[in-house]
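Quick notes on the structure that follows.
The values are calculated or read from the model by the stated rules, or taken from the named source; none is laboratory data. None of these values were measured; they are calculated from a predicted model. With ideal geometry, Cβ positions are generated from the backbone for all residues, glycine too; neighbour counts draw on all protein chains shown.
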Amino acid sequence: MRNAGLEEAQAGIKIAGRNINNLRYVDDTTLMAESEEELKSLLMKGKVESKKVGLKLNIQKTKIMTSSPI
């Protein structure tokens, strides 16, 4: 997932003036987006790039969370 093209994506949320769309730790990835469409785009980018290196998304471990603006 390191070179999954997520850094170049316009999707994400603004934190301290920077666009953040993913957080990674060991083998976990958290995707963040302002809309469902942005999230789908990030998910597809990650899925395509992961498949290139023999990884696949485990749907049983996948969770979706939403939050309201503060």
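Structure summary
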{"read-out": "Output for the range 30-70, where each listed residue is under 11 Å from the mean Cα position of the chain (by Cα) and either among the charged types (D, E, K, R) or part of a strand (DSSP E or B) (or both)", "value": "THR30, LEU31, GLU38, LYS40, LYS45, LYS47"}
{"read-out": "Residue within the range 10-29 that is at pLDDT 85 or above, surrounded by 12 or more Cβ atoms within 10 Å (Cβ to Cβ) and either more than 12 Å from the chain's Cα centre (by Cα) or outside any loop (DSSP other than H, G, I, E, B) (or both) present", "value": "yes"}
{"read-out": "Test result for ALA4, in a loop (DSSP other than H, G, I, E, B), at pLDDT 80 or above and under 11 Å from the mean Cα position of the chain (by Cα)", "value": "no"}
